[in-house]
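Below is one structure, written out as structure tokens; the observations come after it.
No value in this document is a laboratory result; all are computed from the given coordinates. Being a predicted model, the structure only gives us computed values, none of them experimental. Ideal geometry is used to build each Cβ from the backbone, glycine not excepted, and the neighbour counts take in all protein chains shown.
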């Protein structure tokens, strides 16, 4: 059985129209990645992602989108031409959960 990934676009303010960040979440396993702008890579940080998504003050600062929409804006957010495929994301999540660096 394939685990489903959820994609979230993040906005700097509740008036945001241009996405500024991206989360990839596997809710069934409690795992999450975020695009780390400072390091220019995906970072495993389920705690930070969960706190952001669960904070009522952020309800207008993110949008749950399908993979196609995430792919459409990925280059503007990450500077990388394409999102990793779902298999690569699952490998990064597993590596992060095991305590390994996902860079």
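Structure above, values below:
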quantity: Chain lengthening between residue 12 and residue 82 when straightened (0.36 nm per residue, less Cα-Cα); calculated: 23.0 nm
quantity: Angle between the chain longest axis and helix 67-78 axis [Cα atoms, degrees, rounded to 10]; calculated: 80
quantity: Pairwise label distance in nanometres, residue 38 with residue 50, each label 7 Å out on the Cα-Cβ vector; calculated: 2.2
quantity: Top of 33, 53, 93 by mean-square fluctuation, Gaussian network on the chain, Cα under 10 Å; calculated: 53
quantity: Gaussian network model of the chain, Cα within-10 Å springs - most flexible of 38, 69, 51; calculated: 38
quantity: Nitroxide proxy distance, nm - points 7 Å out along Cα→Cβ at residue 20 and residue 59; calculated: 2.1
quantity: Tilt relative to the chain, helix 86-97 - C-alpha long axis, 0 to 90 degrees, to 10; calculated: 80
quantity: Spatial separation of Cα centroids for the range 10-38 and the range 82-98, in angstrom; calculated: 15
